[in-house]
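Asker: Can you keep this structure in mind? I'll have questions shortly.
The values are calculated or read from the model by the stated rules, or taken from the named source; none is laboratory data. Just so it is clear, the structure is predicted and the values come from calculations on it, not from any experiment. Positions of Cβ are generated from backbone atoms using ideal geometry, with glycine treated the same way; all protein chains shown enter the neighbour counts.
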Amino acid sequence: MRKRVFLKTFGCRTNIYDSNIMLQNIKDFDIVDCEEDADIIVVNSCTVTNGADSSARSYINSVNKMGKKVILAGCGAISKGDELLKSDKIFGYFGHSEKSKINQLLKSDKKFAQKGDLSFVDSDVVEDFSSYTKAFIKIQEGCDFNCSYCIIPMVRGRARSMDEKRILAQIEKLALNGYGEFVLSGTNLGSYGKDTNSSIAKLLKKISQIKGVKRIRLGSLEPVQIDDEFKELLDESWIEKHLHIALQHTSEKMLRIMRRRNILKDDLNLFELIADKGFSLGTDFITGHPGESEQIWSEALKNFKSFPITHLHAFTFSKRDHTHSATIKETVAGDIAKERLKILEEIVKNNNFKFRKDIKKPLLVLVEESRGENQVGYDQFFNKVYIKSDLDLKKEWISVEEFEVKMDANYARL
C-alpha cells in the first residue's frame, strides 16, 4: 500500500512555487488534502521572522502529537533543521536545491540532513496550478543585499536568475491552458537579469507578448531597482496597477542603521511618480528595529504620512541570530513596537479607503473563490472585491462598473 503525503506551506509566493515543484516530483506516494489522512507531512517553512519560525515549530509539534512522520523543507530547514533534527522533532530535512529529489528522500528509512547547494538555479518549472486561479512564476533566487535585520541571504544564497527561455516556455504553456494572470516571484525580484545581461523590464516585455497573458503581477521590488527602463512600462495595460515597493522605514537615519540602499528623498519622488500613473502602492515596514528612538520614530511617522501608500506589509522587529541587528544594544520594547505598527496600519487603511472611493473606472476582477454568499477576487489595483451573483464566476474575468466602497473592501452585484 502506497504511503500518503501532505504538504504544508508557510511563507511567501516563492515558497508556494517551490511547493508546487515538490508536488509534481512526488511519484511513489499518494498526495492527500489533510494532515489526518497522511503518513508523512512535509513542512515547507519560512524563517524570515521569529513569528515564522514559531508558526512552523508549533505546527510540527501539533502533527508530532498525531504520530506523523515529519520532513522539513524551505528556509527553516537551513536555519533550524539541525536543531529540530537533534531534538527528534523531525525525521529529516532538505534545502531548496534538493526539492526535486523529494520522492527519493521520502523513501528514506534513516534520518537525514540534506542542506544542499545555495548556489543552485532551478531547472524544474511548475506545469500545473490547478488549485489556483492564477499562476506563480519564479524568476530568480537569492539576494545580494546585506540588510542588517535579514537572514534570507543566508538561507537562499546570492542572487541568480532563472533561465529566460524556461520562464517564457512555462508561461506559454500555462497561457494555453487558460491562465491569464501571472505572478512573478523571487527572493529579490528586481535583481533578475543582473547576472545574464538582462533585466526585469526586458523580461516583462517578452512575457507581455505571449498570447493569453492578460495581467502580470509582481512581487516585492526594491526602490533602487526601479529604473527608467522599468518606468517606461507603467502605462502598459497588462501590468497590474499595483506595485509593492519595499521601503522598510521612512527615517533616513534608520535606513542607514538598517544598511538599506534606498534614500528617503528618492523614495518619495518614486512613489509620487508611480501614484500619478494611477497605481496603488504597497510597502514593507519594520517597527521597533534597534535604534528606533522616539526622535527617529517621530521623523519616520511624519515622513510616512507623505507617501501615497495603500497597502502595507508591516511587522515588529524580530531578532535573528547571525545578523548585524542582533548585535545592536539600543532595543525597543515590544509593546512600543506594536503600538507604532498599529498607527501605520490605521494610516494605510484610511489611505486605501480613499483610493478606492476615488476610482472612476471599471474594476477588472479575476474571481478566485466563493466565500459565503459572495464570490471573491482582486481587481487591477490589488483590492479585494466581493461579488453577489447567481452565476459561478470562479476563474472568470469580470468588469465591474458599479460597486459599493466599504472600509474593508469593494462590493458589487451582477
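Asker: It is to be established whether one or more residues within the range 364-378 are of a type in the set (S, T, N, Q), within 26 Å of the chain's Cα centre (by Cα) and assigned to a loop (DSSP other than H, G, I, E, B).
Answerer: no
Asker: Related question: Inside the range 235-349, counting only helices (runs of 4 or more DSSP H) that do not spill past its ends, which hold 3 or more residues that are touching a residue at least 24 places away in the same chain (Cβ under 8 Å) and over 20 Å from PHE145 (Cβ atoms)?
Answerer: Numbers: elements: 252-257, 264-276, 294-304.
Filter on the range 235-349 gives 264-276, 294-304.
Asker: For the range 392-403, name all the residues that are surrounded by 11 or more Cβ atoms within 10 Å (Cβ to Cβ) and assigned to a loop (DSSP other than H, G, I, E, B).
Answerer: LEU393, LYS394, LYS395, GLU396, PHE403, listed by residue number.
Asker: Another question, then. Which number in (1) among the aromatic types (Phe, Trp, Tyr); (2) touching a helix residue (DSSP H, G or I) at 6+ places or on another chain (Cβ under 8 Å); (3) at pLDDT below 90 marks the one condition that PHE29 misses?
Answerer: Single failed check for PHE29: (3).
Asker: Something else: Where residues in the range 24-48 are farther than 13 Å from LYS80 by Cβ and touching a residue at least 40 places away in the same chain (Cβ under 8 Å), which of them is surrounded by the fewest Cβ atoms within 10 Å (Cβ to Cβ)?
Answerer: Once the filter is applied, the top-ranked residue is LYS27.
Asker: What do you reckon, is SER318 hydroxyl-bearing (Ser, Thr, Tyr), modelled with pLDDT under 95 and at negative phi? Full working, then the answer.
Answerer: Working: hydroxyl-bearing (Ser, Thr, Tyr): yes; modelled with pLDDT under 95: yes; at negative phi: yes.
In short, yes.
Asker: Also: Examine the range 394-409 for a residue that is basic (Lys, Arg) and touching a residue at least 12 places away in the same chain (Cβ under 8 Å), and state whether such a residue exists. Show your work before the answer.
Answerer: So the first thing to find is which residues in the range 394-409 are basic (Lys, Arg), and the list is 394-395, 406.
The next check asks that each one be touching a residue at least 12 places away in the same chain (Cβ under 8 Å); those that pass are 394-395.
Within the range 394-409 (the criterion being basic (Lys, Arg) and touching a residue at least 12 places away in the same chain (Cβ under 8 Å)), the answer is yes, since at least one residue qualifies.
Asker: Also, I was wondering about something else. Would you check which residues across the range 93-113 are in a loop (DSSP other than H, G, I, E, B), surrounded by fewer than 22 Cβ atoms within 10 Å (Cβ to Cβ) and of a type outside the set (Ser, Thr, Tyr) and list them? Full working, then the answer.
Answerer: Step one: of the range 93-113, the residues in a loop (DSSP other than H, G, I, E, B) are 95, 107-111.
Now drop any that are not surrounded by fewer than 22 Cβ atoms within 10 Å (Cβ to Cβ), which leaves 107-111.
Of everything in the range 93-113, those that are in a loop (DSSP other than H, G, I, E, B), surrounded by fewer than 22 Cβ atoms within 10 Å (Cβ to Cβ) and of a type outside the set (Ser, Thr, Tyr) turn out to be LYS107, ASP109, LYS110, LYS111.
Asker: Related question: Condition first: among the small types (Gly, Ala, Ser) and either modelled with pLDDT under 95 or surrounded by fewer than 18 Cβ atoms within 10 Å (Cβ to Cβ) (or both). Now tell me which residues in the range 326-376 satisfy that.
Answerer: Our first condition is that a residue be among the small types (Gly, Ala, Ser); within the range 326-376, this holds for 326, 333-334, 337, 370, 372.
If the condition is that a residue be among the small types (Gly, Ala, Ser) and either modelled with pLDDT under 95 or surrounded by fewer than 18 Cβ atoms within 10 Å (Cβ to Cβ) (or both), then ALA326, ALA333, GLY334, SER370, GLY372 are the ones that fit.
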